[in-house]
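In what follows, a structure is listed as structure tokens, so that the remarks can point back to it.
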Amino acid sequence: MKINVETIDETEEEQVLIQCHEVTASISEIVDFLKSREISMEAFQGSQIFYISLKDIYYIEAVDNKVFAYLESKVYELKSKLYELESGYEECHFFRCSKSVIVNLMKVHSIKPALNGRFLAKLTNEESVIISRQYVPQLKERLKGC
């Protein structure tokens, strides 16, 4: 596959052009990835409302009936339920790694085995999340396709 990157003038709109013989699973995955970079969601800090980009989220965690999105250095509350986020953003490289956490696989730096069949995912911001043993087979299956 040939890849071209062209620098354009700032007055022109950026675009991605994919030329292919047929739309394969790999091409569809690339398109889904590019689309996910544009998605944002409503988030809260106190009474303030923010729109955060999906690509900036490292992981999402449910704590005491509240759901929080963790970015590189900020935390926002989300009004959605964890299962809604899991099903809605699975195609955007989000993966349920435990009962209370969904991790953005694009922010995972490394994964290593931990105790009792669990894995430890180290994120690019140096935080770590546990992948419980119940989700390890699904993770391995998901990573096979990468």
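Need the list of aspartates and glutamates near LYS81 for cross-linking: C-alpha distance under 20 angstrom, and skip anything on the same chain fewer than eight residues off.
GLU42, ASP56, GLU61, ASP64, GLU90, GLU91
Given the convex hull over the Cα atoms of region 85-146, what projected area results after averaging over all orientations, in nm²?
If you wrap the Cα atoms of region 85-146 in a convex hull and average its projections, you get 4.1 nm².
Would you mind putting 16-25, 66-75, 43-52 in packing order, based on average other-beta-carbon counts within 10 Å, highest first?
66-75, 43-52, 16-25
Students often check this: by mean Cβ neighbours within 10 Å, which of 6-13, 99-106, 131-138 ranks highest, and how do the rest follow?
Taking the mean over residues of other Cβ atoms within 10 Å, the ranking is 99-106, 131-138, 6-13.
Rank PRO113, PHE95, TYR83 by how far each Cα sits towards the positive end of the charge dipole of region 25-144 (+1 on Lys, Arg Cβ; -1 on Asp, Glu Cβ) and give me just the farthest.
Among PRO113, PHE95, TYR83, the one farthest towards the positive end of the dipole of region 25-144 is PRO113.
Sequence gap at least 6, Cα distance under 8 Å: using those rules, report the relative contact order of the chain to the nearest whole percent.
13
Could you please report the charge total around SER87, scoring K, R as +1 and D, E as -1 over all other residues with beta-carbon less than 11 angstrom from its beta-carbon?
-2
If you project the alpha carbons of the chain onto the principal axes, what extent comes out on each, in Å, largest first?
Sorted largest first, the three principal extents are 47, 41, 27 Å.
No value in this document is a laboratory result; all are computed from the given coordinates. In this text, all values refer to a predicted model and were calculated from it rather than measured experimentally. With ideal geometry, Cβ positions are generated from the backbone for all residues, glycine too; neighbour counts draw on all protein chains shown.
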